[in-house]
1. By counting other Cβ atoms within 10 Å of each Cβ, how are B:329, B:122, A:123, B:44 ranked from fewest to most?
2. For chain A, what does the helix formula give at 222 nm: sum of -39500 (n - 2.57) over DSSP H segments with n ≥ 4, over the residue count, nearest 500 deg cm²/dmol?
3. If the elastic network links every pair of Cα atoms under 10 Å, which of A:306, A:55, A:276 fluctuates the most in the Gaussian network model of chain A?
4. If you find the alpha carbon centre of the stretch B:412-477 and of the stretch A:213-233, how far apart are they in angstrom?
5. Once label points are set 7 Å from the Cα along Cα→Cβ at both residue B:221 and residue A:130, what is their separation, rounded to one decimal in nm?
6. Looking at the square roots a ≥ b ≥ c of the eigenvalues of the Cα gyration tensor of the stretch A:1-99, which shape do they give, rounded for a/c under 1.5, prolate if a/b is larger than b/c, or oblate?
7. Tell me, how many Å apart are the Cα centres for the stretch A:289-316 and for the stretch A:80-116?
8. Do the sum for chain B: with -39,500 (n - 2.57) for every DSSP H run of n ≥ 4, divided by all residues, what is the mean residue ellipticity at 222 nm, to the nearest 500 deg cm²/dmol?
């Protein structure tokens, strides 16, 4: 069902636009040379990139939420995306290029920055309250986001006109990226997905609390590090290619849990598929709703995500009280 | 099975647990007791591997805890921690299935053995019906049982529990502990559990380990641990211990600081002749030991009735009949001790006696138509005719357990002596009778003011009991004869 939805979304996304793509093109490319060019050179990479970013953010969100037992955790709310942005901006600002990695410098630095930010947020939250309450963690994420935002503003201000385009990039977009960016993200996506898929049972155990997971025989410390690392890599690499797109990691796992339950063995793959569909559709809306002007895709996701964030917060607080009074 | 050797554990350099050592053998149930902050949970967390000791070591099955891989440890030991709310709700079946995690390798798939272990565990704990519900749809007690099922699915040799009966109704407390006991007996499970409830621990544990200020101060069988003095030192509260009514296990009772109501003294005027019989009603319950028809044995009661019944009174169920009778009289069947007599209750003799440190009142009704010599009753069968001696001894004073029993002996001897002095003859044997086959006795005391440790014949109180019971019984026999001869 989810796969079907993904295929339909992808088809809509590639076919709709100023240039219409007819269905026959799929088996008869030569009749529509112009349309084929649009499809393969512009639309398809864009849609694939949107799909990959959506899937990456969704599984990163699912992993963070399960690991931290926090329904509000996602790369954006934890400040991880901001960390990745700072990493990316720094690469562009200083023109850094790590030898051997070449163009992969950007996602690698972003992912590393994301991971470091994640660790910093966790350490800071733990200093405030050892039990890592939901609100504490999100507040620490906000602190981190604000701080890193100012660092970025500073860097942008110092560069003047050159990095003006970065501001647009920061709002999140998958337009005009092309195939290179798809190839740039793919290995990080596959790596991150693989690690998280290998840890779904451990995530199920950790949902019951870290101590319980330990008692069940989970090597909590190493598994946690792997999951935080792969989640950060997924988020960081996504930010490197598409800028900051918020709330995907929040919305998708939440919906999947509602429909199919909390078992990570289903949650992770289903979040990947539905995350891809969601972002593909959001991108479609972003570029068509007030065509020819394009909206940043982050605007659309935030439009859905922020109210849901509020809803989950409300539900959890209410739920928490109901539990306490029982 | 479990060997704990000199562990010292602390948070941030300050030791919470100091030099704690103990051993647990396979198949034992061990209760960890102690007041709040005594280090019970810290000891538990050290055994379960959550905390690592600064000094000392923990060995399970002869292996140092630190050398065991997480999954190896989880196959040997399961832990049931205190409940805390879950954020995301898996189904009950999913949660129980996680118990099989340590039995799985890197890519191994779910086997028939896994499925069976899970179903068995769910069946044992009675959560099978909840299988498809999610955890947040269950009550605290139900969740507790789900986690227990998970622990059983783990198939451990050692089970650690932290206050497992928290959140549970009495029914489920008993169910859970009975189940643990059963697993211990049937499959050789070893259990170490923190208990908040000392009495539950004493009932179910083979051995109790008591911690205070991070050190072990007791490690012995329940009867050696639940002693008044030591429990008062541990918990810093007044307590009293007594045996469980059905089990050879000690139980502890709290002693509230304030005794309810003012000092109660039983006066002669508290005894009243009513339609129902001779009635004693006091404001404050008396501790009583009796061989009455209703509410016999040891207890606290504020009403005592020597019930007048007709000579042809007969019932299959005297407890039921008396309960109904009390209800019809608007008296509480749970607060009234009832004796019965067919002799005229208005002939009852009531005597008051003051002595140093207290006073007592004796009330006797006597019917000797059925007089027997207890030393001869084995010789022949006899029918139980009407006639019985009911003796009440009500004491303003505090009696110990031995004083209660001695008072009973003293009063009985005085009654026999009265039979002798009045020359009451057992008609079957022609010898002097000692009583009747249905005599009842009640010793009741206010348990206030002076304390009487003993009530034997030469103690102050014993000598007064003897004298007063003798005189009252003699008088009662005379009154009975006088009426009978008319």
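1. On the way: B:329 15, B:122 24, A:123 10, B:44 21.
Going from sparsest to densest Cβ surroundings: A:123, B:329, B:44, B:122.
2. On the way: 14 runs with 238 residues, N = 326.
Result for chain A, helices only: -24500 deg cm²/dmol.
3. A:306
4. Taking the Cα centre of each part, the stretch B:412-477 and the stretch A:213-233 sit 80 Å apart.
5. Taking the two extended label points, one gets 3.9 nm.
6. Details: a/c = 3.73, a/b = 1.59, b/c = 2.34.
Oblate, because a/c is 1.5 or more while a/b does not exceed b/c.
7. 26
8. Details: 12 runs with 144 residues, N = 486.
Computed ellipticity for chain B at 222 nm equals -9000 deg cm²/dmol.
Values quoted throughout were computed directly from the atomic coordinates according to the rules given, and no laboratory measurement underlies them. Source: prediction; values computed, not measured. Because the Cβ atoms are built from the backbone with ideal geometry, glycine has one as well, and the counts that use them run over all protein chains shown.
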